[in-house]
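See structure below.
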Amino acid sequence: MRLFVTILLALATFVAPALAQPVQLATRLVSSELDMPLFVAAPSGDPRLFVVEQTGKIRILADGRFLDAPFLDLSASVSGGSEQGLLGLAFHPGYAENGRFFVNYTDANGDTQIVSYSVSTDANVADPASASVLLSIDQPYANHNGGWLGFGPDGLLYIGMGDGGSGGDPQRRAQNPDELLGKILRIDVDGAAPYAIPPGNPFANGGGRPEIFALGARNPWRVAFDGNDIYIADVGQNAIEEIDVITTTDAGANLGWSIMEGDRCFRENTCSTDGLVLPIHQYTHDAGGCSITGGYVYRGKALPELSGHYFFADLCEGKLRSLRYGDGKASDGRDWTDQLDAIGAITSFGLDRAGELYITTLEGNLFQLVRAD
């Protein structure tokens with residue numbers, strides 16, 4: 001067993017939508033031949049889809065079928081089992097010109113590697129010899145590796161790091177500014193080799209690791225940008241799954257873990273929320289759910305009724321949900337599950353060049369979210 005074998009199945013709650021659904025949705029099966037798919041991405045303007053498999057391959061979907069040869073095969077380099085493996089992919093905003101992309105994986109020792117690659121002379125094959133390690137981060141346990149990375153509208157590379165694992169953040173790394181674990185990192189991959197520190201980072205001039213952008217994450221299982229807003233789906237401990245929203249100007253934001261889990265004190269019966277970012281939405285394990293899967297704010301053209309909806313799911317439920325965020329709060333919460341055929345255990349989401357939404361599942365499936373016939 002590989003992905004999230006330590007997760008305990010429970011039940012979850014969600015506020016029922018107050019309004020009628022604006023559109024009938026369906027899922028279109030794109031492929032059922034994938035091996036532990038965890039992410040979907042497309043370079044800006046590129047008609048292809050790149051699908052990350054936890055076991056180590058990045059595969060290309062072109063003209064409706066997967067190419068036989070992987071874009072990149074790291075199977076011999078990544079660790080397997082639990083929450084380890086090839087976990088993230090980000091294309092440089094200038095990929096069409098420079099061919100650079102970045103991956104996040106756990107190596108044979110279980111430690112996080114953030115590595116830069118370039119495409120080869122064949123547009124469908126990466127150059128394995130171009131590998132350049134940007135960051136190596138020791139992982140004390142096999143879980144809570146985070147794994148997401150992506151470029152913000154500021155052109156900087158953001159990286160989601162879990163708290164190092166085990167349970168309850170035993171070494172309290174998430175609140176420790178001298179640790180990269182339990183943080184959202186931000187680096188400038190164009191400013192220097194291997195990277196420069198953005199001057200706006202909270203510890204750029206000392207007091208902590210200069211790569212840190214935000215603190216207090218437990219295990220951010222997918223992060224997404226919508227303009228300058230940053231949506232962070234943070235997996236909870238035993239009680240609460242949460243969605244936090246900060247902006248690219250909120251350097252030094254503290255998401256609260258492990259002082260708090262969601263809006264509840266975690267370590268003590270009472271605690272101060274001063275200076276902490278509270279969730280814009282959360283749900284408990286009492287009636288279902290166990291591990292939130294973050295998605296994207298929909299900005300595609302095929303489903304204009306859903307523009308502005310942030311889609312997310314839970315690994316243990318197979319339910320698809322959405323909400324809107326504005327003026328500092330969430331609204332218009334919806335559960336789309338009853339409209340859809342059984343999806344499976346949703347591991348991640350992705351967007352194509354047109355902003356249309358895709359879903360990956362633990363069972364090896366890739367779906368596109370479409371309008372029902």
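Derivation of every value follows stated rules applied to the coordinates shown; laboratory data play no part. Not measured: the values here are computed from a predicted model. As a convention, Cβ positions derive from the backbone with ideal geometry for all residues, glycine included, and neighbour counts pool all protein chains shown.
List of remarks:
- Where Cα atoms sit under 26 Å apart: lysine pairs in region 25-371 separated by 8 or more or lying on different chains: 4
- If you plug the beta carbon distance of A342 and N228 into 1/(1 + (r/R0)^6) with R0 = 45 Å, you get a FRET efficiency near 0.80.
- For the chain, the relative contact order works out to 18 percent when only alpha carbon pairs closer than 8 Å and six or more residues apart are counted.
- Fully extended contour minus Cα-Cα distance, from D35 to R324, at 0.36 nm per residue: 100.8 nm
- Which label in [x] 19.1, 59; [y] 22.7, 85; [z] 21.2, 65 gives the computed Rg and Dmax of the Cα atoms in Å: [x]
- Sorting 145-155, 326-336 by their mean Cβ neighbour count within 10 Å, with the most densely packed peptide first, gives 145-155, 326-336.
- Inter-label distance, S331 to R371: 2.5 nm, where each label sits 7 Å from its Cα along the C-beta direction.
- Fully extending the segment from D63 to A239 would add 59.0 nm, taking 0.36 nm per residue of separation and subtracting the current Cα-Cα distance.
- Distance between the 7 Å Cα→Cβ label points at R353 and V23: 2.1 nm.
- Distance between the pseudo-spin-label points of A123 and S307 (7 Å out from Cα toward the beta carbon): 3.0 nm.
- Estimated FRET transfer efficiency (A108, D274; beta-carbon r; R0 41 Å; 0.05): 0.45
- For region 250-259, the Karplus equation 6.51 cos²θ - 1.76 cosθ + 1.60, evaluated at θ = phi - 60°, returns couplings of 8, 4, x, 4, 10, 7, x, 6, 9, 5 Hz by residue, with Gly and Pro reported as x.
- Distance from region 316-354 to region 55-134 (C-alpha centre basis), Å: 27
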